[in-house]
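Below is one structure, written out as structure tokens; comments come after it.
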Amino acid sequence: MTRRKKIYEGKAKILYEGPEPGTLIQYFKDDATAFNAQKKAVLEGKGVINNRISEFIMTRLNAMGIANHFIRRLNLREQLIKEVEIIPLEVVVRNVAAGSMSTRLGIPEGQVLPRSIIEFYYKDDKLGDPMVTEEHITAFNWATTQDIDDILAMALRVNDYLSGMFGAVGITLVDFKLEFGRIWENDDFARIILADEISPDSCRLWDAQTNEKLDKDRFRRDLGNVIESYTEVARRLGIMKEMPTVIQGGQTGDKAEKAAEPDGEAASNVSKLH
Ligand code: 5GP
């Protein structure tokens, strides 16, 4: 595929101009960052796995009537998405205490919360994504009260669906982060849809039996086997049963594509992780 104009480069993804107006290409990098990019690494194959897991989840959410930006996967590392005006918020849904909630409130990691809790963070790397309230969000015009109601309703529906989906394959959905964007239908009406990605980079996923971490905390906390854990999540979801041992950065040709497909011709030529 001919490279198009780069629109934005983030820590784990790049957005390119899409083939038609109102579309973008979302490219998943292997780069991993944590603690506001103070910790960095390249985890070979991460982008390929996250592209597939996010495709899988967004497709199912779409089928559930939860509108999102995903259109279709293009190749190993890229998906075609709808262009949205990103709302500068990270919306975190928590079912079990962990991470910053445990640190901030002293609630032991692993304690099941009395009910799901939604938090908002202002997306700003320089400020370290500070937590904000609805007061800040409406006062600074990041979103309206109606937008917040829509976001809360969608976030709870996503949580219900994903908790069930992961629960069915022996994974506890501890918490996750969502991002939303606006699509303008006419000059004065915008629809809010789910954007960004949903993957082990943006969720805490624990094995339901052992509480073993199968997500980005393996990288944040130097637990090792990061890619193996992400692959395990994909395997349990029934996607990506096999992974090429060497996934070359940026390789988007037919050969690479077939190698990633369980049924592809090249699948028999690649070693299995499991
Ligand atoms: P915490 O606030 O405990 O650090 O994170 C809560 C949840 O949101 C975790 O599942 C974490 O992975 C996700 N999350 C929070 N901030 C970010 C972020 O900037 N990027 C990504 N990928 N996930 C985040």
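The values are calculated or read from the model by the stated rules, or taken from the named source; none is laboratory data. Everything numeric in this text was worked out from a predicted model, so none of it was measured. Cβ: placed from backbone, ideal geometry, glycine included. Neighbour counts: every protein chain shown. SASA here: full protein model, heavy atoms, side chains in, ligands and nucleic acids out. Shrake-Rupley method; radii C 1.70, N 1.55, O 1.52, S 1.80 Å.
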**Request:** Report the residue count in segment 76-96 for those that are surrounded by fewer than 20 Cβ atoms within 10 Å (Cβ to Cβ) and either small (Gly, Ala, Ser) or in a loop (DSSP other than H, G, I, E, B) (or both).
**Result:** 2
**Asked** What about Thr172, is it in contact with a strand residue (DSSP E or B) (Cβ under 9 Å, 6 or more places away or on another chain), within 16 Å of the ligand (Cβ to nearest atom) and without any contact (Cβ under 8 Å) to a residue 24 or more places away in the chain?
**Response** no
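One line per residue, one yes/no per condition, for (1) closer than 27 Å to Ala34 by Cα; (2) free of Cβ contacts under 8 Å to residues at least 12 places away in the same chain; (3) surrounded by 12 or more Cβ atoms within 10 Å (Cβ to Cβ); (4) within 16 Å of the ligand (Cβ to nearest atom):
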| site | (1), (2), (3), (4) |
| --- | --- |
| Glu135 | no, yes, no, no |
| Ala139 | no, yes, no, no |
| Gln146 | no, yes, no, no |
| Val158 | yes, no, yes, yes |
| Asp187 | no, yes, no, no |
| Ile193 | yes, no, yes, no |
| Trp206 | yes, no, yes, yes |
**Request:** Output the residues belonging to segment 160-169 that are in a helix (DSSP H, G or I) and more than 15 Å from the ligand (Cβ to nearest atom).
**Result:** Asp160, Tyr161, Gly164, Met165, Gly167
**Request:** Look through segment 208-221, keep the residues that are more than 25 Å from Ala63 (Cβ to Cβ) and more than 16 Å from the ligand (Cβ to nearest atom), and return whichever of them is least open to solvent (accessible area, probe 1.4 Å).
**Result:** Thr210
**Within segment 97-119, tally of residues that are away from the ligand (no atom under 11 Å from the Cβ) and either touching a residue at least 60 places away in the same chain (Cβ under 8 Å) or surrounded by 18 or more Cβ atoms within 10 Å (Cβ to Cβ) (or both)** = 1
**Fill in**
Over segment 21-41, the set of residues farther than 20 Å from Glu85 by Cβ and open to solvent by 40 Å² or more (accessible area, probe 1.4 Å) is Asp31, Phe35, Asn36, Gln38, Lys39, Lys40
**Only listed residue being outside any strand (DSSP E or B), at pLDDT 95 or above, under 21 Å from Thr231 (Cα atoms) and open to solvent by 70 Å² or more (accessible area, probe 1.4 Å), chosen from Glu55, Glu44** = Glu44
**Message:** Checking the condition within 16 Å of the ligand (Cβ to nearest atom) and either in a loop (DSSP other than H, G, I, E, B) or at pLDDT 95 or above (or both), which residue from Tyr8, Tyr16 passes?
**Reply:** Tyr8
**Prompt:** Taking the stated definitions as given, is Asn225 without any contact (Cβ under 8 Å) to a residue 12 or more places away in the chain and either away from the ligand (no atom under 16 Å from the Cβ) or open to solvent by 20 Å² or more (accessible area, probe 1.4 Å) (or both)?
**Reply:** yes
**Request:** Name the one entry in Phe35, Phe28, Phe56 that is aromatic (Phe, Trp, Tyr) and over 14 Å from the mean Cα position of the chain (by Cα).
**Result:** Phe35
**Fill in**
Taking segment 58-75 and keeping residues surrounded by 18 or more Cβ atoms within 10 Å (Cβ to Cβ) and hydroxyl-bearing (Ser, Thr, Tyr) leaves none
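Listed here are the residues, each with its yes/no results for (1) over 23 Å from Asp196 (Cα atoms); (2) among the hydrophobic types (A, V, I, L, M, F, W, C); (3) within 16 Å of the ligand (Cβ to nearest atom); (4) in contact (Cβ under 8 Å) with a residue 60 or more places away in the chain.
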residue	(1), (2), (3), (4)
Ile66	no, yes, no, yes
Ile71	no, yes, no, no
Pro88	no, no, yes, no
Val92	no, yes, yes, yes
Lys123	no, no, yes, no
